[in-house]
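The values are calculated or read from the model by the stated rules, or taken from the named source; none is laboratory data. Only a predicted model underlies this, so the values are computations on that prediction, with no experimental measurement involved. Here the Cβ positions follow ideal geometry from the backbone for every residue, glycine too, while neighbour counts run over all protein chains shown.
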């Protein structure tokens, strides 16, 4: 029975990626607006990606409230068409979100690419995925005519849809091209960073961060076996739950890692501030220790008459003054000693 309702899994995935993406994109905006003072085209596309992704998550959440992730027999008849409507709304929103995301990553890499061959590879990959995405958007949106027949067919509405096999094959094609693009966007930066003027440690750091974009393709690969669930029209909202979950992961991971790749100036500032704070703390600690002896011991203060005042400090921090008059400085055996509180 528990496996017949997987809506809770989807809610958890949506909540996690909404939080992490909002945080990282906000940090990206702070970094580019306040620290670097250079908010460029890739940053605008990143913000558009976040807005579109939040719309997608909202639509998905509405779908969950009306049956997404549940077996057909668990969904009231009046709710099933509503759940199908929200699922349909998620489809084009998902495509638009990834158009913005790929644009943000591609423009970011094109800005730092210097060699002509690198720019040609990046432009080719970006244009290929964007052109296919436009096709994918239209075939998703207008797979039924009228469009409302996608969900009204469960209320006895009249219309027709293209074979679900066409949608499935198109989805396979989109996933394959998306993986190729993600890996291209991850491998090319390694060669770009290799030619930059920076030390080896920084090259490794920047290269690893940029290459993290490939992580998003892992969700795309995991999703592949579940795409065939789009053929299961009678139990559609349950059979497609894995497609919905991994599509959310794909977009969320891509948005999060692309935003994290721009946070190096912020990280450098935090490390510098921490180093400065630690250095100042050590200086204050040394200054306080020299002026405030805290352990048992003595301090000797010669007076202008040749006498010596020795200040003793006990473990209880109580101090006594011992005045040595006459006699030898080292051995006051024949001297007069007076103990004063």
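Put simply, of 70, 32 the only residue that is touching a helix residue (DSSP H, G or I) at 6+ places or on another chain (Cβ under 7 Å), crowded, with 20+ Cβ neighbours inside 10 Å and modelled with pLDDT under 95 is 32. Would you check if there is a residue in region 78-85 being over 24 Å from the mean Cα position of the chain (by Cα), closer than 30 Å to residue 160 by Cβ and surrounded by fewer than 16 Cβ atoms within 10 Å (Cβ to Cβ)? Yes: region 78-85 contains one or more residues that are over 24 Å from the mean Cα position of the chain (by Cα), closer than 30 Å to residue 160 by Cβ and surrounded by fewer than 16 Cβ atoms within 10 Å (Cβ to Cβ). Only residues that are over 14 Å from residue 254 (Cβ atoms) and in contact (Cβ under 8 Å) with a residue 12 or more places away in the chain were counted across region 17-32, and they come to 7.
Condition check ((1) within 29 Å of residue 82 (Cβ to Cβ); (2) out of contact with any strand residue (DSSP E or B) (no Cβ under 7 Å at 6 or more places or on another chain)) across all residues:
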{"position": "146", "(1), (2)": "yes, yes"}
{"position": "149", "(1), (2)": "yes, no"}
{"position": "164", "(1), (2)": "yes, yes"}
{"position": "174", "(1), (2)": "yes, yes"}
{"position": "177", "(1), (2)": "no, yes"}
{"position": "187", "(1), (2)": "no, yes"}
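Does residue 270 fit the bill of being assigned to a helix (DSSP H, G or I), at pLDDT 65 or above and out of contact with any helix residue (DSSP H, G or I) (no Cβ under 9 Å at 6 or more places or on another chain)? Answer is yes for this residue.
Each row is one residue, and each column tells you yes or no for (1) within 30 Å of the chain's Cα centre (by Cα); (2) in the same structural domain as residue 253 (by TED's automatic domain parsing); (3) part of a helix (DSSP H, G or I); (4) modelled with pLDDT of 95 or more.
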residue: 96; (1), (2), (3), (4): yes, yes, yes, yes
residue: 109; (1), (2), (3), (4): yes, yes, yes, no
residue: 118; (1), (2), (3), (4): yes, yes, yes, no
residue: 129; (1), (2), (3), (4): yes, yes, yes, yes
residue: 134; (1), (2), (3), (4): yes, yes, yes, yes
residue: 157; (1), (2), (3), (4): no, yes, no, no
residue: 177; (1), (2), (3), (4): yes, yes, yes, yes
residue: 189; (1), (2), (3), (4): yes, yes, yes, no
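Figure legend. Inter-residue proximity from region 33-49: first residues closer than 14 Å to residue 105 by Cα, second residues surrounded by fewer than 20 Cβ atoms within 10 Å (Cβ to Cβ), beta-carbon distance below 8 Å, spacing 6+ or different chains. Indicated pairs: 40/107; 40/111; 41/107; 42/107; 42/111; 43/29; 45/107; 47/29. Scanning for something touching a residue at least 12 places away in the same chain (Cβ under 8 Å), surrounded by 19 or more Cβ atoms within 10 Å (Cβ to Cβ), more than 31 Å from the chain's Cα centre (by Cα) and assigned to a helix (DSSP H, G or I), does region 140-152 turn up at least one residue? Within region 140-152, one or more residues are touching a residue at least 12 places away in the same chain (Cβ under 8 Å), surrounded by 19 or more Cβ atoms within 10 Å (Cβ to Cβ), more than 31 Å from the chain's Cα centre (by Cα) and assigned to a helix (DSSP H, G or I). Of the candidates 76, 81, the single residue that is farther than 26 Å from residue 21 by Cα and either free of Cβ contacts under 8 Å to residues at least 24 places away in the same chain or not assigned by TED's automatic domain parsing to the domain that holds residue 230 (or both) is 76.
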